[in-house]
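Enquirer: This is the structure, below, for whatever I ask next.
The values are calculated or read from the model by the stated rules, or taken from the named source; none is laboratory data. These numbers come from a predicted model, not from an experiment. When we count neighbours, we look across all protein chains shown, and the Cβ atoms used for this are built from the backbone with ideal geometry, even at glycine.
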Amino acid sequence: MNPMPTPAGSTPATRIVHGACPHDCPDTCALKITVHNERVIKVQGRAEHPSTHGALCTKVSRYAERTYHPERVLQPLRRTSAKTEPPRFETVSWDEALADIAARLKAIEDPQAIQPYSYAGTMGQLQGEAMAGRFFNRLGASLLDRTICASAGAAALTATYGHKLGMHLRFFAESRLILIWGSNSIASNLHFWTYANQAKRDGAKLICIDPRKTETADKCHQHIALLPGTDGALALGLMHELIANGWLDEDYVARHVDGFEELSAKALLWPPERVAQTCGITADEVRGLARDYASTAPAAIRLNYGMQRVRGGGNAVRLIALLPCLTGAWRHRAGGLLLSASGWFAPFKNPQLERPELRLKPSRTINMSTIGDDLLREASPEFGPRIEALIVYNSNPVAVAPESPKVVRGFQRADLFTVVLEHFMTDTADLADYVLPATTQLEHLDVHTAYGHTDVLINHPAVKPLGEARPNTQIFRGLAAAMGFTEPAFADTDEQLARQAFTNEIDFAALSQQGWQSLPLPEAPFAEGGFITPTGKADARGADYLPNYESRSSSPALAARYPLAMISPPARNFLNSSFVNVKSLRDIEAEPIVEIHAEDAAARGLADGAVVRVFNDRGSYVCKARISARARPGVVNGLGVWWRKLGLAGSNVNEVTHQRLTDLGNAPAFYDCLVEVAAA
Ligand SMILES: Nc1nc2c(c(=O)[nH]1)N[C@H]1C(S)=C(S)[C@@H](COP(=O)(O)OP(=O)(O)OC[C@H]3O[C@@H](n4cnc5c(=O)[nH]c(N)nc54)[C@H](O)[C@@H]3O)O[C@H]1N2
Ligand SMILES: Nc1nc2c(c(=O)[nH]1)N[C@H]1C(S)=C(S)[C@@H](COP(=O)(O)OP(=O)(O)OC[C@H]3O[C@@H](n4cnc5c(=O)[nH]c(N)nc54)[C@H](O)[C@@H]3O)O[C@H]1N2
Ligand code: SF4
Ligand SMILES: [Mo]
């Protein structure tokens, strides 16, 4: 496909290319990429794009620095050292690498012993699963349950509303009250913040509900610093107040909520005093929040995934998602809730893109969040074959998956054959048998959906692939050819894949020309009910508060040894573990830190800046203590997700997290974690 035509006024040596930010971020910004003499010299936002209006975050405005990074992997690499030794690699040709990988895969008797492992390093439809999915389907490899981020909340929204649907981003600007709940929007959802800030300027009240006093909490009118994993109790307490004070929209409840009687009986067990005790806040905070929520219209909730990373995270999302159904906030386009907008895209996406029919036999499914345990598991009738080969792309599991001591041990298995498609020598690439050089967003074509807004975007390639790098699509095509797969599905070019990705309702020519297409959608989706559940009503049945696996009240013996609750939300200048190796961004974050309240630091004799060990029975993470009012007493904030090898002692925050799963969606409970902190 041709890049954008050279616009009038630009010299032939300089051209503008329209792109899309590939990162796992709700915003999916439209990019304006300036290419001079076949080199990208600037990455900016496109001011014309209504949802993201020309502003980029600091990270992606440095995207060219990432693409032209001197440490880019630009040739296929083959391991020459043992997995337990410092990593050493030699360069090999593509032909040799692909032939050898294919030979290794063919030698595996049961294809289910071959495991793909990927997430949202790029959220592109093409460089994500389009060709990879075809390859693994044809191979008959194990399936992967992609749970590491959002599946608890996704399952909860689906159970409650019938799909991952929510308010439109732009109408937050018209809200009069916004609850920013489990979201550090300024750091992780910048363009939402622009609309919230507009509402604030117009007189709206903003309330942040978050254990950490984030930069977003600093800018809100009120901050409610509850204990991690207690959001479900707070939601029940709010319902208690709505019911006790007669603040329900009875008509909306009667017509559009299923299971209200059952929910009401549960909520009445949660008077503000009990909620206060469970959540570690005051009863007046509960009462005040309920009053504000019931008496202000339109009232909107921006929920984010931070609050669902605990055992009861799915139920907590269900309960919070029911709040706008009880007050009838959904009647207004600026009222309701947004966690994810991704369900809006479902009717416009081609469900056959990954060619499920190429899979001839059903396969087992491995949960990506338990990869540590699963790599160490022996063959058994329940589990199936031992994992013998792992093909990783768009993810850095050794850094981001929970309980990394086990993940590392699994990747170090001498009998495991690991292929990693990457831009850089990440912690995961360091443990590969082969590292295959992948292109970045500036070098390949892709099409994107979003989860914070409802536009489809296209990313035109701005420059040719650097070195010998290849798009993921091309790498999987090459692997398919080396395996002898001859189905026509493997002959599709990236442009053909891009045209196949959506239904005809998305005008591909217009998308290609303008760079984005907005989905045609109703403004206030549930104003008249119309939930996508089987009954057409919001489903309240069964939703309840579940305490954490690890907390002072649920596991007192463990808490006696490890009394601090640790959450590990993202650092502002990294994107999960991406950008940790971009020096200008790492310099801003400076060092891996754990934020600790002055009282907790004093009780442990810790000074600000001291090198500390954050530890529990699973492992020990070395970082620096930052004594900070951003941490509440009893809770420490271990900002993520550093590359282990760029941290202080070859470890990161996932050294101490566990692999137990959430109540719904089988997601990791990263923020349900007890630790102790001591001077190192
Ligand atoms: N700069 C930056 N932006 C990002 C990312 C990044 O790494 N860096 N990551 C991206 C990804 S992958 C995602 S999934 C999205 C969304 O990613 P999220 O993980 O939702 O990110 P945050 O907005 O930081 O929201 C998490 C907030 O929830 C709070 N929190 C933790 N536990 C609890 C709890 O039990 N209850 C409540 N109420 N709050 C809690 C944390 O303190 C934090 O402020 O952001 C994306 N954007
Ligand atoms: N303790 C703790 N752990 C967490 C979290 C937390 O809050 N706390 N957050 C969790 C969340 S929300 C998420 S989403 C996961 C994220 O985990 P991952 O999805 O693994 O995300 P990243 O760490 O950004 O790693 C993505 C990798 O993909 C590579 N990549 C990017 N584009 C391409 C491409 O086009 N081709 C190829 N081959 N590679 C590419 C990048 O170089 C990068 O190394 O981490 C989770 N881990
Ligand atoms: S990471 Fe998010 S805010 Fe930053 S450019 Fe990408 S989509 Fe926009
Ligand atoms: Mo995520």
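Enquirer: Give the number of residues within the range 73-85 that are within 14 Å of ligand 2 (Cβ to nearest atom) and either outside any loop (DSSP other than H, G, I, E, B) or over 18 Å from Val419 (Cβ atoms) (or both).
Expert: Residues flagged as within 14 Å of ligand 2 (Cβ to nearest atom) and either outside any loop (DSSP other than H, G, I, E, B) or over 18 Å from Val419 (Cβ atoms) (or both) within the range 73-85 amount to 1.
Enquirer: Here is a follow-up. Looking at the range 308-338, which of its residues are hydrophobic (A, V, I, L, M, F, W, C) and farther than 15 Å from Gly166 by Cβ?
Expert: Answer for the range 308-338, where residues must be hydrophobic (A, V, I, L, M, F, W, C) and farther than 15 Å from Gly166 by Cβ: Val310, Ala316, Leu319, Leu326.
Enquirer: Does the range 56-72 contain any residue that is away from ligand 3 (no atom under 15 Å from the Cβ) and crowded, with 18+ Cβ neighbours inside 10 Å?
Expert: Scanning the range 56-72, I find at least one residue that is away from ligand 3 (no atom under 15 Å from the Cβ) and crowded, with 18+ Cβ neighbours inside 10 Å, so the answer is yes.
Enquirer: If you scan the range 576-593, which residues turn out to be crowded, with 16+ Cβ neighbours inside 10 Å and in a loop (DSSP other than H, G, I, E, B)? Even if it seems obvious, please write down each step before you answer.
Expert: First, pick out the residues of the range 576-593 that are crowded, with 16+ Cβ neighbours inside 10 Å: 576-582, 585-586, 589, 592-593.
Selection gives Asn576, Ser577, Phe579, Val580, Asn581, Val582, Pro592.
Enquirer: Based on this model, can you work out whether Glu96 counts as among the acidic types (Asp, Glu), over 24 Å from Glu443 (Cβ atoms) and away from ligand 2 (no atom under 16 Å from the Cβ)? Give the derivation first.
Expert: On the way: among the acidic types (Asp, Glu): yes; over 24 Å from Glu443 (Cβ atoms): no; away from ligand 2 (no atom under 16 Å from the Cβ): yes.
Spelling it out, it is not the case that Glu96 is among the acidic types (Asp, Glu), over 24 Å from Glu443 (Cβ atoms) and away from ligand 2 (no atom under 16 Å from the Cβ).
Enquirer: Being free of Cβ contacts under 8 Å to residues at least 40 places away in the same chain and under 27 Å from the mean Cα position of the chain (by Cα) narrows it down to one of Ser577, Ser584, Ser518, Ser620, so name that one.
Expert: Just one listed residue meets the conditions, Ser620.
Enquirer: Which is within 16 Å of ligand 3 (Cβ to nearest atom) and either β-branched (Val, Ile, Thr) or farther than 20 Å from Gln474 by Cα (or both), of Thr91, Thr122, Thr14, Thr80?
Expert: Step by step, each of Thr91, Thr122, Thr14, Thr80 is checked, and only Thr122 is within 16 Å of ligand 3 (Cβ to nearest atom) and either β-branched (Val, Ile, Thr) or farther than 20 Å from Gln474 by Cα (or both).
Enquirer: Go through the range 182-204 and report how many residues are away from ligand 2 (no atom under 16 Å from the Cβ) and under 23 Å from the mean Cα position of the chain (by Cα).
Expert: Step one: of the range 182-204, the residues away from ligand 2 (no atom under 16 Å from the Cβ) are 186, 190-204.
Pick out the ones that are also under 23 Å from the mean Cα position of the chain (by Cα) and you get 186, 190-196.
Matching residues across the range 182-204 total 8.
Enquirer: Kindly indicate whether any position in the range 632-640 is within 16 Å of ligand 4 (Cβ to nearest atom), under 24 Å from Gln308 (Cα atoms) and either in the same structural domain as Pro570 (by TED's automatic domain parsing) or surrounded by fewer than 22 Cβ atoms within 10 Å (Cβ to Cβ) (or both).
Expert: yes
Enquirer: Here is a follow-up. From Gly133, Gly128, grab the single residue that is within 16 Å of ligand 3 (Cβ to nearest atom) and either assigned to a helix (DSSP H, G or I) or under 19 Å from the mean Cα position of the chain (by Cα) (or both).
Expert: The conditions single out Gly128.
Enquirer: Let me ask something additional. Please tell me if Pro22 is part of a loop (DSSP other than H, G, I, E, B), in contact (Cβ under 8 Å) with a residue 24 or more places away in the chain and outside the structural domain of Ile458 (by TED's automatic domain parsing).
Expert: yes
Enquirer: Another question, then. Yes or no: Ala560 surrounded by fewer than 20 Cβ atoms within 10 Å (Cβ to Cβ), of a type in the set (A, V, I, L, M, F, W, C) and more than 22 Å from Asn304 (Cα to Cα)?
Expert: Considered against the rule, which asks whether it is surrounded by fewer than 20 Cβ atoms within 10 Å (Cβ to Cβ), of a type in the set (A, V, I, L, M, F, W, C) and more than 22 Å from Asn304 (Cα to Cα), Ala560 comes out as yes.
Enquirer: Identify all residues within the range 498-517 that are buried (at least 17 other Cβ atoms within 10 Å of the Cβ) and not in a helix (DSSP H, G or I); write none if there are none.
Expert: The answer is Ala501, Phe502, Ile506, Gly515, Trp516, Gln517.
Enquirer: Which strands (runs of 3 or more DSSP E) sit wholly inside the range 313-424 and have at least 3 residues that are more than 19 Å from the chain's Cα centre (by Cα), within 26 Å of Arg138 (Cβ to Cβ) and within 16 Å of ligand 2 (Cβ to nearest atom)? Give the steps one after another, and end with the answer.
Expert: On the way: elements: 336-338, 365-367, 389-393, 417-422.
Filter on the range 313-424 gives 417-422.
Enquirer: Still on this structure, I have one more. Among Gln44, Gln112, which is away from ligand 4 (no atom under 16 Å from the Cβ) and part of a helix (DSSP H, G or I)? Working first, answer last.
Expert: Working: Gln44 fails: part of a helix (DSSP H, G or I).
Criteria check complete, one pass: Gln112.
Enquirer: Among the residues of the range 215-257, how many are buried (at least 16 other Cβ atoms within 10 Å of the Cβ) and either outside the structural domain of His191 (by TED's automatic domain parsing) or within 16 Å of ligand 3 (Cβ to nearest atom) (or both)?
Expert: The number of residues fulfilling the criteria is 1.
Enquirer: Turning to a different aspect of this structure: Could you list all residues from the range 169-195 that are part of a loop (DSSP other than H, G, I, E, B) and either within 15 Å of ligand 4 (Cβ to nearest atom) or surrounded by fewer than 22 Cβ atoms within 10 Å (Cβ to Cβ) (or both)?
Expert: Listed by number, the residues that qualify are Arg176, Gly182, Ser183, Asn184, Asn189.
Enquirer: Here's another thing I want to ask about it. How do the pairs read when you match residues in the range 130-159 that are more than 22 Å from Ala401 (Cβ to Cβ) with residues anywhere that are of a type in the set (Ser, Thr, Tyr) and within 16 Å of ligand 3 (Cβ to nearest atom), using Cβ under 9 Å and keeping only pairs 6 or more apart or on different chains?
Expert: Leu157/Ser340
Enquirer: Residue under question is Thr52, and the condition is that it be among the polar types (S, T, N, Q), more than 16 Å from ligand 4 (Cβ to nearest atom), part of a strand (DSSP E or B) and closer than 27 Å to Arg586 by Cα; does it hold?
Expert: Values: among the polar types (S, T, N, Q): yes; more than 16 Å from ligand 4 (Cβ to nearest atom): yes; part of a strand (DSSP E or B): no; closer than 27 Å to Arg586 by Cα: yes.
Considered against the rule, which asks whether it is among the polar types (S, T, N, Q), more than 16 Å from ligand 4 (Cβ to nearest atom), part of a strand (DSSP E or B) and closer than 27 Å to Arg586 by Cα, Thr52 comes out as no.
Enquirer: Just checking, which of Gly542, Gly634 is away from ligand 1 (no atom under 16 Å from the Cβ), under 30 Å from Met239 (Cβ atoms) and more than 22 Å from the chain's Cα centre (by Cα)?
Expert: Gly542
Enquirer: What's the total number of residues in the range 468-494 that are within 27 Å of the chain's Cα centre (by Cα) and surrounded by fewer than 20 Cβ atoms within 10 Å (Cβ to Cβ)?
Expert: The total comes to 1.
Enquirer: On to the next question. What's the total number of residues in the range 267-281 that are surrounded by 15 or more Cβ atoms within 10 Å (Cβ to Cβ) and more than 17 Å from Trp247 (Cα to Cα)?
Expert: The qualifying residues number 7.
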